[in-house]
Each structure stands twice: as structure tokens, then as C-alpha cells.
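Novice: Quick one: structure below, then a few questions.
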Amino acid sequence: MAKEHSTGFEPFFGRGKMQIIRSIWEKNLNLSKRLAEVIYQCPTCNACAEACNYNLNNVALYEALRAELVDAGCGLESHDSMNKAMVKLLNPYNKDNKEKENWIEELDFKIKDASKEQADLLYFVGCTAALTPNIRAVAIDTAKVLKKLGIDFSIFGENEVCCGSVAMRTGDRKAFNFVAERNLELFKKSGAKKIITSCAGCYRTLKVDYAELFKDLDIEILHTVEFLRTYLAENNIQLNDLGLKVTYHDPCHTGRHTGLYEEPRELLSKIAEIVEMKTIKQHAKCCGAGGGLKKGFPELSLEMAKSRIKEAEETGVDNLVSICPFCYRNLSDAIKALGSNMKMIDLLELLNQAIE
């Protein structure tokens with residue numbers, strides 16, 4: 001048959017990866033470092049599952065294959081060092097975990113320590129917001145919003161353990177299980193009834209990957225915007241219109257992975273005018289940071305982010321809003337690389353401005 005529809009890069013697309021998985025299952029293909037180079041050039045955004053509607057979770061299969069690659073000693077070295085740091089230092093950034101409290105110093109109020117003081121609401125900050133200087137504003141704005149609303153909450157600070165998302169996405173199940181078990185004990189001792197997080201990756205991990213661990217615990221997992229949307233509505237709290245025109249980027253982990261599309265838009269529409277990009281919701285382009293892609297293949301990751309920024313520029317607005325520190329980081333890198341006038345903003349920054 002003619003191959004006029006073939007891209008020539010079949011292994012890098014969903015159909016090609018599925019054929020690879022089938023060939024391994026049928027024992028016609030062996031695990032190898034060369035194979036890993038192909039399988040890891042994927043942000044596990046799950047757009048392929050949306051494009052081909054056959055009711056199959058592609059990402060679950062990709063992650064299972066990555067776990068087999070790691071067990072066979074064929075994982076990427078860059079991911080191995082990252083996951084070892086996560087186990088040893090409790091974060092994948094190879095930093096002293098005490099630095100997770102640096103952002104707190106910029107607040108003029110105290111927050112309860114979940115290791116010592118009980119609060120029904122636990123704010124799980126996440127490693128990226130807590131440890132990345134130019135993104136810590138996400139944590140700061142979240143804390144300020146909760147304080148303005150008079151909400152009692154706690155954090156773990158230097159005792160916060162990485163959720164393990166990077167380990168799960170890159171196939172290191174041992175590292176994931178290690179931090180997951182540590183977190184389970186921390187959550188039990190905290191006495192929290194609800195856990196909120198401003199990170200799409202943490203949200204997906206705690207809600208989906210921890211589901212089996214949480215089955216005997218009465219703890220609800222919410223993204224910060226989910227929690228605030230409900231709280232503001234129940235308490236009839238009005239938001240100020242900021243008079244901005246913005247466009248919104250759907251993170252893959254709150255979008256295709258968990259279906260959180262309308263909640264952030266509902267909040268955002270109360271304070272700004274939204275001009276949507278060409279690809280949104282389940283069809284939104286990935287920022288390129290997930291699935292270990294930014295760590296393993298930074299050039300490819302940046303090119304994907306550039307594509308998303310160019311799409312955002314086509315809307316004619318200057319403000320790009322999202323609800324994920326990881327997306328914030330990669331899209332900010334793309335803005336800088338392109339010399340774009342686009343401004344990257346986390347939704348909590350705008351909510352902080354919009355609440356009296």
C-alpha cells in the first residue's frame with residue numbers, strides 16, 4: 001500500500017507507540033536503551049487518546065512500559081538522578097528540603113505547621129512552587145487568598161514530601177511508592193479532611209495515583225481553584241473585575257487527565273475577559289513540560305512550549321493564565337526564548353488581586 005499518509009516518524013506518535021507495546025507483548029521486540037529514547041520523547045499529555053476515540057487510556061500503557069524499562073535498567077540517566085534525589089532529599093530538584101519554607105518568609109502572617117497543628121484544610125504546595133524562586137509567587141498568592149478569606153489551613157513546610165508525580169510518569173515505581181507511603185503517614189497524622197494543591201501534577205497524582213491509598217481515608221483531594229470556586233459561591237463572596245483580557249492554558253493533568261475544564265474558566269470569567277486559543281480543553285496543546293520530557297529532552301520540551309506561546313499570541317492578548325507551576329515554568333521559558341510580550345500568570349495571582 002502507498003504510504004502517502006505516513007509521517008516517517010511513526011514510533012513517536014500514539015499509533016506507533018501502541019505498535020511497540022504490542023510487539024513487546026508478543027515478544028517480537030525487546031526492551032532496550034534505544035527503545036527508551038523513543039518512548040520517553042513524550043510528555044504523556046494523553047492528546048493521542050482524545051484524537052483516537054477508542055476508550056483507551058494511552059498514558060497508563062506508556063507509564064507501564066516505562067516502568068518495565070526502568071526495571072530492565074533501560075531508563076534515562078537524567079530521570080534516574082532526579083528520582084534518586086526525590087527519595088534522598090524528598091524533592092526532585094536536588095535541593096535541601098528546608099528551602100521549601102523560603103517562600104513563607106515573604107508573608108506577614110503565620111501558617112499552621114501540619115506536623116504539629118491540626119487544621120481541616122491542608123495546602124499541599126508542591127516542589128515546583130516551593131523550590132523555584134521565580135514561581136514561588138504561586139504559593140504566596142495561594143496563602144494570601146486563603147488568609148484574606150479567613151480560612152484555617154496548614155502546610156508541611158520543610159517536612160513536605162514530593163507527591164512522586166515525576167517518578168510515576170518516568171516509570172520509577174519504587175521511588176514513587178517510597179514517597180507515597182511517606183505522604184500517606186503524614187496525611188493521616190495531620191488530621192486534614194481536605195487537601196488542596198495549586199499544582200496540576202500534584203493534583204493528578206494525589207487524586208488518581210493515590211486513589212487506592214486513600215480508599216480507607218476520609219480525605220478529599222481538590223485543586224485550589226475547585227475549592228475556591230465552591231467556597232466563594234457558598235459564601236456569596238464577590239470578585240472585582242480586573243479589566244484584563246486574558247487567554248487560558250489547560251494543563252494536561254487538570255484537563256485530559258482529570259477533566260477540570262470549567263472551574264478555572266468560571267473563576268477567571270468573573271475577573272477578566274477570556275479570549276480562547278484555537279486549541280482548548282481536551283484538544284489543548286501541551287506545554288511540553290510533563291512526563292519527564294523537560295528533564296530528558298529539554299530542547300523538544302521548549303519547542304512544544306514555543307508552539308503554545310505562538311498560539312496564545314494569535315489571540316491578540318498579552319496575558320496567559322494557567323493553574324500549574326510546571327506549565328508556568330516551561331511556558332515562561334518559551335516566552336523568554338521567543339522574546340514574546342506575553343505575560344505568564346497563575347490564576348491565584350489574579351484571584352489575590354480580585355479579592356477585597
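The values are calculated or read from the model by the stated rules, or taken from the named source; none is laboratory data. Predicted model, so just to flag it, every value in this text is computed and none were measured. Don't worry about glycine lacking a Cβ; one is built from the backbone with ideal geometry, like all the others, and counts go over all protein chains shown.
Novice: Here's a check for you: in segment 82-119, which residue that is in contact with an Asp or Glu (Cβ under 7 Å, 6 or more places away or on another chain) and touching a residue at least 60 places away in the same chain (Cβ under 8 Å) is farthest from C162 (Cα to Cα)?
Specialist: This residue is A119.
Novice: Yes or no: segment 286-297 includes at least one residue that is on the phi < 0 side of the Ramachandran plot, surrounded by fewer than 18 Cβ atoms within 10 Å (Cβ to Cβ) and out of contact with any Gly (no Cβ under 7 Å at 6 or more places or on another chain).
Specialist: Of the residues in segment 286-297, the ones on the phi < 0 side of the Ramachandran plot are 286-287, 289-290, 293-297.
Those left that are additionally surrounded by fewer than 18 Cβ atoms within 10 Å (Cβ to Cβ): none.
No: zero hits.
Novice: Something else about it: For R182, indicate whether it is in a helix (DSSP H, G or I), at pLDDT 95 or above and under 28 Å from A284 (Cβ atoms).
Specialist: Details: in a helix (DSSP H, G or I): yes; at pLDDT 95 or above: yes; under 28 Å from A284 (Cβ atoms): no.
The answer is no for R182.
Matching residues to (1) of a type in the set (A, V, I, L, M, F, W, C); (2) modelled with pLDDT under 95:
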| position | (1), (2) |
| --- | --- |
| S322 | no, no |
| L331 | yes, no |
| I335 | yes, no |
| G339 | no, no |
| K343 | no, no |
| L347 | yes, no |
| E356 | no, yes |
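Novice: Regarding V166, is this residue under 15 Å from the mean Cα position of the chain (by Cα), closer than 29 Å to G291 by Cα and of a type outside the set (D, E, K, R)? Write out each step before concluding.
Specialist: Details: under 15 Å from the mean Cα position of the chain (by Cα): yes; closer than 29 Å to G291 by Cα: yes; of a type outside the set (D, E, K, R): yes.
Here the answer is yes, as V166 does meet what is asked.
Novice: Being part of a helix (DSSP H, G or I), over 15 Å from the mean Cα position of the chain (by Cα) and surrounded by 15 or more Cβ atoms within 10 Å (Cβ to Cβ) is the filter here, so list the residues in segment 185-222 that pass it.
Specialist: Step one: filter segment 185-222 for residues part of a helix (DSSP H, G or I), giving 185-190, 200-209, 211-214.
With over 15 Å from the mean Cα position of the chain (by Cα) added as a condition, the list becomes 185-190, 211-214.
Within segment 185-222, L186, F187, S190, L213, F214 qualify.
Novice: Based on what the data block shows, is R169 out of contact with any His (no Cβ under 7 Å at 6 or more places or on another chain), over 30 Å from L232 (Cα atoms), in contact (Cβ under 8 Å) with a residue 12 or more places away in the chain and of a type in the set (D, E, K, R)?
Specialist: Working: out of contact with any His (no Cβ under 7 Å at 6 or more places or on another chain): yes; over 30 Å from L232 (Cα atoms): yes; in contact (Cβ under 8 Å) with a residue 12 or more places away in the chain: yes; of a type in the set (D, E, K, R): yes.
So R169 fits the description; yes.
Novice: When the residues of segment 119-147 are narrowed to those that are out of contact with any helix residue (DSSP H, G or I) (no Cβ under 7 Å at 6 or more places or on another chain) and assigned to a loop (DSSP other than H, G, I, E, B), which ends up surrounded by the fewest Cβ atoms within 10 Å (Cβ to Cβ)?
Specialist: Among residues in segment 119-147 that are out of contact with any helix residue (DSSP H, G or I) (no Cβ under 7 Å at 6 or more places or on another chain) and assigned to a loop (DSSP other than H, G, I, E, B), the one surrounded by the fewest Cβ atoms within 10 Å (Cβ to Cβ) is D120.
Novice: Tell me, yes or no, whether segment 244-252 has at least one residue that is loosely packed, with under 15 Cβ neighbours inside 10 Å and not assigned by TED's automatic domain parsing to the domain that holds I140.
Specialist: Keep residues of segment 244-252 that are loosely packed, with under 15 Cβ neighbours inside 10 Å, which gives 245.
Okay, now just the ones that are also not assigned by TED's automatic domain parsing to the domain that holds I140, so 245.
Yes, segment 244-252 contains at least one residue that is loosely packed, with under 15 Cβ neighbours inside 10 Å and not assigned by TED's automatic domain parsing to the domain that holds I140.
Novice: If you don't mind, another one. Limited to segment 333-356, what total is found for residues that are crowded, with 19+ Cβ neighbours inside 10 Å and under 16 Å from G288 (Cα atoms)?
Specialist: Count: 4.
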